Every structure is written in C-alpha cells, then in structure tokens.
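Here it is, the structure in full.
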C-alpha cells in the first residue's frame, strides 16, 4: 500500500505540475509588467532534468518504506530467526542491501516510464540526439536515491524501531541538517550528506528562469558524484558494522 501510494503521488506530481505552473503564470500575468510565457516541462531533452529534479522532492516516501521494511526485521525478530536458520550476518546485510538497491531501481524505473510517456506526448520532433541528450540525469537520480536510502538504512539499523527511525531520519533531513548548515563554516556546510546528495540535480534552466535572468547548472558536478558515492559506502559500511557487532 505504501509503494502504491508513492507511485500515485509521483505520477500525480509529474503529470500535473506543468498545468499547475502555467496556471499560476497565467494568473500572475494579470498584474505583471513583464509577460510570462507558458512553457513545457515535458519536451526532450529538457524533460530528463526537469522530472528528475521534481521527483527528488518525493524521495522521502520510498525512504520511509525502506525504514518500515528494515525495522520490521527487528520488531518481529525475523532477523534473529534468519541467524538461527544459518544465515550469516553478511548474508543478512546483503539481503537488506538488495532491497535498498531494488527500491532505488524501482523508483528510477517509475520515473523513466513517466518521462517516456510525457516526453513522447509533448515533443513534436524526436531525434536520437535530443532523446538521449541529458538522459544521464536519470542515473544521477538513481545515485541520489541510493545515497539517500543508505542514510535511512543506517538510521534504522542504529535505532531499530520504525517510529523512532522515521522521526529521527525526517528531522535530520528536514530540520537538523538545514539548520546546522547556517552555523557551520561554508566548507563544511556545503559538504554535508543531504546537501551534497541534493546537489546532484540542480534546478532546471527553464524558459521561466531565463526570463528573470536566473541561470542554474546544466551539468552534474563530478565532485557531487564522488561525495554521494562516498556517503553511500560510508553509511552502508556503518550499517554493516552495527549488524555485525550488535546483539540480536
């Protein structure tokens, strides 16, 4: 049911966001000295970055699914039963990682399907070049989810209880890290986990942004990729250490 809720949520967001933005722009035109044109989020090749960026706002939902799944192993003592049946702790860790990886892959495939449907519907002329140009944002989205889920997995492995893990992870993501960045030196604040993960896909350079003279990055920074991968490995390693050393 939670996975179905996530699919409905992301589908509703991505299918309805263009009409919503153009409706807001149309209403703003009544009082704006500068005419605001309607624009499409769904044309190739720009759709890849547009939808990948927007989908990032909903990545908390599949992370909560992961937390519920992992914490259930502790709540219902199934992890202990697996060990009694001969499963090693490393095997158990990999089974959890497979689910984590699968959730990231599933979410990426959902985004891919929606992108293809909307892109083919709204792009008049599709060539090989404009279809694949910017498609690397799909891989960046997958990496963003993988790193995000790795942190959720670590928090759940540390706290074990679903309610406490959901609350702690949500506070870390929404409140604690954003606030702490205001008080930390810039060099540290810009390299904190959620900040670097969120930097993978920057705000798209739509015609609306260009109208107001705002330009955002149209590429993926290699340093963001390296740090996101490093954070993924770090939190997965820490999760394994918890599983390896703690009493069941």
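Quick check on residue 105: is it at pLDDT 95 or above and either closer than 27 Å to residue 240 by Cα or not in a helix (DSSP H, G or I) (or both)?
yes
Of the residues 183, 240, 173, only one is in contact with a helix residue (DSSP H, G or I) (Cβ under 9 Å, 6 or more places away or on another chain), surrounded by fewer than 16 Cβ atoms within 10 Å (Cβ to Cβ) and modelled with pLDDT of 90 or more; which?
Answer to the selection: 183.
Is it true that some residue in the range 127-138 is under 20 Å from residue 4 (Cβ atoms) and without any contact (Cβ under 8 Å) to a residue 60 or more places away in the chain?
no
Tell me, which residue of the range 45-59 that is assigned to a helix (DSSP H, G or I) and within 8 Å of the chain's Cα centre (by Cα) is surrounded by the most Cβ atoms within 10 Å (Cβ to Cβ)?
For the range 45-59, the residue satisfying everything is 55.
Does residue 67 count as part of a loop (DSSP other than H, G, I, E, B) and closer than 29 Å to residue 17 by Cα?
Judged against the criteria, residue 67 is not a match.
Next question. Before we move on, is residue 95 buried (at least 17 other Cβ atoms within 10 Å of the Cβ) and in a helix (DSSP H, G or I)?
Criteria not met by residue 95.
Does residue 72 satisfy being buried (at least 19 other Cβ atoms within 10 Å of the Cβ) and modelled with pLDDT of 90 or more?
The answer is no for residue 72.
Residue 154 passes all but one of (1) surrounded by fewer than 16 Cβ atoms within 10 Å (Cβ to Cβ); (2) part of a helix (DSSP H, G or I); which number fails?
So residue 154 meets the others, but not (1).
Just to check your reading of the model, which residue among 119, 86 is over 14 Å from the mean Cα position of the chain (by Cα) and buried (at least 20 other Cβ atoms within 10 Å of the Cβ)?
Being over 14 Å from the mean Cα position of the chain (by Cα) and buried (at least 20 other Cβ atoms within 10 Å of the Cβ) holds for just one of 119, 86, which is 119.
The values are calculated or read from the model by the stated rules, or taken from the named source; none is laboratory data. Note that the structure is a prediction, hence the values are computed from the model and not measured. Backbone-built Cβ (ideal geometry, glycine too); neighbour counts: all protein chains shown.
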